[in-house]
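Working notes for the structure below.
The values are calculated or read from the model by the stated rules, or taken from the named source; none is laboratory data. None of these values were measured; they are calculated from a predicted model. Side chains included, ligands, DNA and RNA excluded: accessible areas come from the protein's heavy atoms. Shrake-Rupley method; radii C 1.70, N 1.55, O 1.52, S 1.80 Å.
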Amino acid sequence: MTAVAEPSYRKRIGYQAGLLGGFTLIAAALLVMGDIATRDTIALRKAEDLKASLAEVIPPAIHDNDLLADPLTLEGPDGLPLTVYRARQGLQVTGVAYRVSGVGYAGPIELLLGLDAAGTVLGTRVLSHAETPGLGDKMEVAKGDWILGFNGLSLGNPPAERWAVKKDGGDFDQFTGATITPRGILAALRGGLEFFATHRDALTASAVLQVDSPDAARPAPTQPGS
């Protein structure tokens, strides 16, 4: 039996490089197509998750607006843009919510902090963390009520210097066997309260409706002889 000889061009480096490049291009195109196809769905899910978290830190009873529809952007404590979600009753701001970050034992901890117009904590929830399950994750509302202990407090109640764990001279309990995690959370919340105190006027400024006067575009009457 005569063996079929392999075409010589298949042994050329240019052919092999072109073949590899073609497969890479196809794979990249498929990834892009998949990203485009799922982008809207992912964005919708993220918006739904954020809306659910906002409802936990800003009671629906104190606002009649869509919290996601009218965000305010200010420079955050880290110098980066910070998105603030404002609760309103009519034109009056009744509460605000924004993200605050601290550093735990295993890395960053991101929280959502909700305050009323006076700067009192309405609620706070952990959005993401990498703390040890069963030990450092006790700040999750599903694992305990520790995070609920901040409701009703403010920067003056207790004073700023008391926003720390008892081990550091503050007023708040740490977790059993874990101090670094609650220490990071308290630092984040204190920073969030200080941010509100600094930017209170901008955060709670009432909305103003721009109403065009019916006389605004009307020309002035012409005087006789002019």
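Below are the figures for this structure:
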{"item": "Table column - 3J(HN,Hα) (Hz), the stretch 50-67, Karplus curve with 6.51, -1.76, 1.60, x for Gly and Pro", "result": "5, 4, 5, 5, 4, 5, 7, 10, 10, x, x, 5, 9, 8, 10, 10, 7, 4"}
{"item": "Candidate residues ARG86, ARG162, ARG45: accessible-area rank, largest first, probe 1.4 Å", "result": "ARG45, ARG162, ARG86"}
{"item": "Accessible area in square angstrom per residue, the stretch 141-209, 1.4 angstrom probe", "result": "51"}
